[in-house]
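Accompanying notes for the structure given below.
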Amino acid sequence: MNPAPFELSMLLAILPEILLVVLAALVLLLNLGVRHRAEGVLGWLTAIGLAVIAVLSAVFARPGDTPQLIFGGMLRLDWVSFSFRLLFLLGAAITVLVSLEHARTITGEYLALLLVSTLGMSLMASSANLIMLYLAIETTSLPLYLLAGYYVENQKSVESGIKYMLYGAVTSAVMLYGFSLLFGLSGTANLAMIPFRLTQTGVSPLLVGGALFLTLVGFGFKVSAAPFHFWAPDVYEGAPTPIAGFLSTASKAAGFAVLVRVLLVTFPQLASFWTLVVAILAALSMIVGNLLALTQRNIKRLLAYSSIAQAGYILVGVAADSPLGVAGMVYYLTSYLVTNLAAFAIVWLVAQQVGSEDLDAFSGLGKRNPAIALAMLISLLSLGGIPPLSGFIGKVLVFAAAVEAGQVALAIIGVLTSVIGLYYYLTVMKILYRPAVDEAPLKPSLSWRTAMLICVVLMLALGVIVAPWYGQSLAAASALF
Amino acid sequence: MVPASYYLILSVVLFVLGALGVLLRRNALVVFMSLEMMFNASNLAFITFARMYNALSAQVVVFFVMTVAAAEVAIGLALMVEIFRSKRSVDIDQMNTLKG
């Protein structure tokens with residue numbers, strides 16, 4: 001497929017990205033004029049702006065019947081980029097609303113960095129060229145390094161920023177070297193052209209496998225799969241909690257979008273090799289994440305290990321190398337996004353009030369605010385994969401894909417480790433309803449409640465009404481096969 | 001003309017040296033310099049391939065990579081100044097507030 005010549009209508013295809021830039025610039029400009037007390041206004045503006053962009057992108061930036069290569073083959077407009085873009089916008093909007101709970105910490109820079117990072121993710125999901133892909137990944141990562149270290153007066157936050165950036169920079173350097181080798185072996189940077197050129201030149205699959213392995217290091221870091229997971233617990237613990245939530249959901253989803261596109265489009269000939277590698281990564285992540293989560297006393301570290309385990313489940317869908325697997329992945333990521341953002345939002349609220357992120361800080365939540373305790377309960381159950389919540393459907397889809405692809409062992413490991421996962425989720429639930437000394441009622445702000453309502457409604461809706469978003473996920477999957 | 005393989009071997013050597021530096025050195029500034037070496041190893045590879053295939057696009061990559069690396073260093077140095085204020089050191093082993 002050759003890239004179409006430039007037309008003005010192509011601008012419509014990247015309308016959401018253009019609007020994100022405009023919104024970020026607007027927020028920065030208004031930040032100059034707004035007094036410190038009124039920063040909530042900027043936050044609401046950003047959240048509403050993101051919602052408007054989501055609607056506009058759903059209306060104007062829809063892909064046609066056939067995927068289209070635009071801007072000289074740099075971007076590919078298809079259902080993958082469309083679905084993931086909506087996912088990132090949703091994640092960013094919820095993160096902004098949750099951050100507003102403590103509006104004094106939110107400045108225009110914070111919001112602008114978040115928007116730029118969302119822009120990078122959106123480009124990651126639609127990149128069809130190695131160069132574009134690298135730039136999109138860096139556009140996503142650089143603002144996130146800063147956001148992780150955003151509380152400059154807090155040593156933990158700065159340390160988490162440095163750690164994130166060091167791990168991120170090393171893995172992206174390795175990935176870039178992989179890209180350069182891929183370019184060298186094939187002579188083209190176009191993801192879809194690479195396999196044809198490789199067949200023409202007849203390069204040894206060993207070399208290509210090596211290049212693939214180097215690029216997998218970068219993607220493995222982004223999705224925080226074991227053994228590239230070491231940064232996650234430290235960074236989540238130190239980073240501002242809404243940012244930790246954003247890192248664990250939207251940033252991870254972006255990593256998966258890139259991962260499936262590169263694996264399926266660029267390396268179809270090496271499918272037997274990479275399905276094995278991805279299956280090993282998946283098994284490792286599920287085992288390591290769930291086992292290490294058992295011993296954690298800090299809720300953010302616990303959620304970090306849980307997010308490593310969740311990455312493992314999602315990788316099971318990728319390893320299946322089938323439309324069902326990819327559709328399951330998209331569905332799982334959506335469910336995981338709303339679920340984990342809700343969990344981190346509650347951690348943020350409670351930790352600010354109690355002043356501690358230990359598990360014990362959550363005791364008595366059932367008395368302090370029954371509705372919030374219930375929301376936490378629902379999100380933990382959804383993370384554990386209990387019907388009728390969205391996490392259950394996600395797990396069913398990816399495990400079904402594994403069985404369909406003949407990877408029964410992987411599905412069995414998945415189910416067994418899910419049981420371990422359920423154990424530590426239940427431990428947290430038990431603490432929620434334990435009596436505590438401090439039983440002052442919790443009163444979250446309007447923005448926080450809005451975000452939580454969106455999350456809980458989506459968790460329930462995705463768990464009960466499967467068809468619409470599953471259809472969308474299947475459409476995304478079929479764009480890659 | 002020097003054959004392309006020489007450049008590629010040099011780029012591999014640079015990459016491995018950079019990776020070793022990242023893994024072995026404890027001073028965050030030296031780690032950063034090693035990182036730059038890894039990025040430049042990729043740059044050298046890209047330029048070599050650009051000449052091999054007569055492809056201009058691969059030369060452009062180098063400019064992008066250099067820009068990104070510069071931005072990365074700016075962010076890294078900013079964070080390091082902040083951590084130096086409290087710890088009086090940029091030793092990676094001393095960044096151990098977060099663990100569990």
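The values are calculated or read from the model by the stated rules, or taken from the named source; none is laboratory data. Keep in mind that this is a model prediction, so the values were computed, not measured. So basically every Cβ, Gly included, is an ideal-geometry build from the backbone, and we count neighbours across all protein chains shown.
Run B:Ile83 past the list (1) surrounded by fewer than 17 Cβ atoms within 10 Å (Cβ to Cβ); (2) over 20 Å from A:Met175 (Cβ atoms); (3) hydrophobic (A, V, I, L, M, F, W, C) and report the number of the one that doesn't hold.
(1)
Return only the number of the condition from (1) modelled with pLDDT of 95 or more; (2) within 21 Å of A:Gly161 (Cα to Cα) that B:Val16 does not satisfy.
Unmet condition: (2).
How many residues are assigned to a helix (DSSP H, G or I) and aromatic (Phe, Trp, Tyr) if we restrict to segment A:225-242?
Number satisfying all stated conditions: 2.
Matching residues to (1) closer than 22 Å to A:Pro143 by Cα; (2) surrounded by fewer than 23 Cβ atoms within 10 Å (Cβ to Cβ); (3) modelled with pLDDT of 90 or more; (4) of a type in the set (S, T, N, Q):
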site	(1), (2), (3), (4)
B:Asn27	no, yes, yes, yes
B:Met38	yes, no, yes, no
B:Ser57	no, yes, no, yes
B:Val62	yes, yes, yes, no
B:Val65	yes, no, yes, no
B:Lys87	no, yes, no, no
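Would you check which residues across segment B:47-73 are touching a Lys or Arg at 6+ places or on another chain (Cβ under 9 Å) and either under 14 Å from B:Pro3 (Cα atoms) or more than 9 Å from chain A (Cβ to nearest Cβ) (or both) and list them?
Listed by number, the list holds a single entry, B:Gln59.
Among the candidates A:Ser122, A:Ser172, A:Ser99, A:Ser180, which residue alone is closer than 26 Å to A:Leu89 by Cα, within 11 Å of chain B (Cβ to nearest Cβ) and either modelled with pLDDT under 90 or surrounded by 23 or more Cβ atoms within 10 Å (Cβ to Cβ) (or both)?
Answer to the selection: A:Ser172.
Provide a single number: the residues in segment B:28-60 that are within 15 Å of the chain's Cα centre (by Cα) and either more than 19 Å from A:Lys163 (Cα to Cα) or not charged (D, E, K, R) (or both).
Looking only at that region, the number is 18.
Touching a Phe, Trp or Tyr at 6+ places or on another chain (Cβ under 8 Å) and of a type outside the set (Ser, Thr, Tyr): which single residue out of A:Gly33, A:Gly73, A:Gly91, A:Gly49 fits that description?
Step by step, each of A:Gly33, A:Gly73, A:Gly91, A:Gly49 is checked, and only A:Gly91 is touching a Phe, Trp or Tyr at 6+ places or on another chain (Cβ under 8 Å) and of a type outside the set (Ser, Thr, Tyr).
Can you go through A:Lys222, A:Lys156 and tell me which one is among the basic types (Lys, Arg) and within 26 Å of B:Lys87 (Cα to Cα)?
Exactly one residue qualifies, and that residue is A:Lys156.
Name the pairs whose Cβ atoms lie under 7 Å apart, with the first residue in segment A:29-49 and modelled with pLDDT under 80, the second of a type outside the set (A, V, I, L, M, F, W, C), and 6 or more positions between them or separate chains?
Close Cβ pairs (under 7 Å, with a partner that is of a type outside the set (A, V, I, L, M, F, W, C)) amount to A:Glu39/A:Thr107.
Quick check on A:Trp44: is it of a type outside the set (Gly, Ala, Ser), surrounded by fewer than 23 Cβ atoms within 10 Å (Cβ to Cβ) and over 20 Å from the mean Cα position of the chain (by Cα)?
Judged against the criteria, A:Trp44 is a match.
Please pick out the residue among A:Val116, A:Val55, A:Val96, A:Val80 that is among the β-branched types (Val, Ile, Thr) and more than 20 Å from the chain's Cα centre (by Cα).
A:Val55
Of A:Gly289, A:Gly255, which residue is assigned to a helix (DSSP H, G or I) and touching a Ser or Thr at 6+ places or on another chain (Cβ under 7 Å)?
So the residue among A:Gly289, A:Gly255 that is assigned to a helix (DSSP H, G or I) and touching a Ser or Thr at 6+ places or on another chain (Cβ under 7 Å) is A:Gly289.
Looking at (1) facing another protein chain (nearest Cβ under 9 Å); (2) surrounded by fewer than 24 Cβ atoms within 10 Å (Cβ to Cβ), which is the only condition A:Leu113 fails?
With respect to (1) facing another protein chain (nearest Cβ under 9 Å); (2) surrounded by fewer than 24 Cβ atoms within 10 Å (Cβ to Cβ), A:Leu113 is out only on (1).
I'd like to know if segment B:26-33 contains one or more residues that are more than 10 Å from every other protein chain (Cβ to nearest Cβ) and either acidic (Asp, Glu) or not in a helix (DSSP H, G or I) (or both).
yes
If I ask for residues that are polar (S, T, N, Q), within 20 Å of the chain's Cα centre (by Cα) and at the interface with another protein chain (Cβ under 9 Å from one of its Cβ atoms), which ones from segment A:140-161 would you list?
Once the filter is applied, which keeps residues that are polar (S, T, N, Q), within 20 Å of the chain's Cα centre (by Cα) and at the interface with another protein chain (Cβ under 9 Å from one of its Cβ atoms), segment A:140-161 yields A:Ser141, A:Ser160.
Looking at (1) farther than 30 Å from A:Ile48 by Cα; (2) buried (at least 23 other Cβ atoms within 10 Å of the Cβ); (3) among the hydroxyl-bearing types (Ser, Thr, Tyr), which is the only condition A:Ser473 fails?
(1)
Is it true that B:Gly18 is within 13 Å of the chain's Cα centre (by Cα) and within 7 Å of chain A (Cβ to nearest Cβ)?
no
I'd like to know if segment A:376-391 contains one or more residues that are at pLDDT below 95, of a type outside the set (A, V, I, L, M) and more than 25 Å from the chain's Cα centre (by Cα).
no
Residues in segment A:222-233 that are surrounded by fewer than 24 Cβ atoms within 10 Å (Cβ to Cβ) and within 14 Å of another protein chain (Cβ to nearest Cβ): how many?
Qualifying residue count, segment A:222-233: 2.
Considering segment A:264-291 alone, what residues qualify as being touching a Leu at 6+ places or on another chain (Cβ under 8 Å) and of a type in the set (Val, Ile, Thr)?
A:Val265, A:Thr266, A:Val277, A:Val278
Just checking, which of B:Ser86, B:Ser11 is more than 7 Å from chain A (Cβ to nearest Cβ) and among the small types (Gly, Ala, Ser)?
Of B:Ser86, B:Ser11, the one residue that is more than 7 Å from chain A (Cβ to nearest Cβ) and among the small types (Gly, Ala, Ser) is B:Ser11.
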